[in-house]
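Take a look at the structure set out below.
The values are calculated or read from the model by the stated rules, or taken from the named source; none is laboratory data. Remember, predicted model here, so these are calculated numbers, not experimental data. Counting neighbours? That spans all protein chains shown, and the Cβs are built from the backbone with ideal geometry, glycine included.
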Amino acid sequence: MPPAIAFEPEVWRLRSGRSVTVRAARPDDRDKLQAAMRQLSDESRHSRFMGFTRELSPQMLEQATHPVPDRELQLVVLSGDAEAEAIVAGGRYAADASGDCEFAVTVVDSWQRRGLARRVLEALIRRAQAQGFKRMTGYVLATNTSMLALARRMGFASSTNRDDPTVRVVRLDLTVAPSGER
């Protein structure tokens, strides 16, 4: 696998006209990540973590703020100015045992339905392709119809998880076309 490629911060203009900044997570994001977690509804926490986790554990915060450069990427989406900057969404991928990568995306409830999940997933796909990953996989609760619909629109194939029928496995072949051509 090639060496890690730096993720340069980007400013995204949303459909609403608001702008947000996306960048790689940093060690000083711990408190902002925990604050974002606390803003998630029980339903959103359950959809993302497949459980009712109220806070990120110290291990999860460490993993999110110190990703392994050639195996993991953690992005955060920020709103507000430097004094009142808050994380409103995030996404990550991590290499799995096969050398492919597994992704996850989270959007704070008050920021959902603004196109952030799609933009974050597109950024993750671009980086995973540049890193040389061949496939991207996600595990999505069957009740998370919004994420399943987004994955389908973005070209992911969906199948039932043999180990848990309440979970769908979505998989994208990253070798077929660049993410912008889907």
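Remark: ALA142 matches the filter, which requires a residue to be touching a strand residue (DSSP E or B) at 6+ places or on another chain (Cβ under 9 Å) and surrounded by fewer than 16 Cβ atoms within 10 Å (Cβ to Cβ). Under the condition of being small (Gly, Ala, Ser), modelled with pLDDT under 90 and under 20 Å from GLY115 (Cα atoms), which residue from the stretch 1-35 is surrounded by the fewest Cβ atoms within 10 Å (Cβ to Cβ)? So, considering only residues that are small (Gly, Ala, Ser), modelled with pLDDT under 90 and under 20 Å from GLY115 (Cα atoms), the one surrounded by the fewest Cβ atoms within 10 Å (Cβ to Cβ) is GLY17.
The set of residues from the stretch 89-104 being buried (at least 22 other Cβ atoms within 10 Å of the Cβ) and closer than 23 Å to LEU40 by Cβ comprises ALA89, GLY90, GLY91, TYR93, PHE103.
A search for C-beta distances below 6 Å between a residue of the stretch 135-151 that is farther than 17 Å from GLY115 by Cβ and any residue that is among the aromatic types (Phe, Trp, Tyr), counting only pairs 6+ apart in sequence or on different chains, returns MET136/PHE103; GLY138/PHE103. Could you tell me which residue of the stretch 119-132 is surrounded by the most Cβ atoms within 10 Å (Cβ to Cβ), considering only residues that are in contact with a strand residue (DSSP E or B) (Cβ under 7 Å, 6 or more places away or on another chain) and touching a residue at least 60 places away in the same chain (Cβ under 8 Å)? Checking each candidate, the answer is VAL120. Scanning for something farther than 18 Å from THR175 by Cβ and over 16 Å from the mean Cα position of the chain (by Cα), does the stretch 102-117 turn up at least one residue? Within the stretch 102-117 (the criterion being farther than 18 Å from THR175 by Cβ and over 16 Å from the mean Cα position of the chain (by Cα)), the answer is yes, since at least one residue qualifies.
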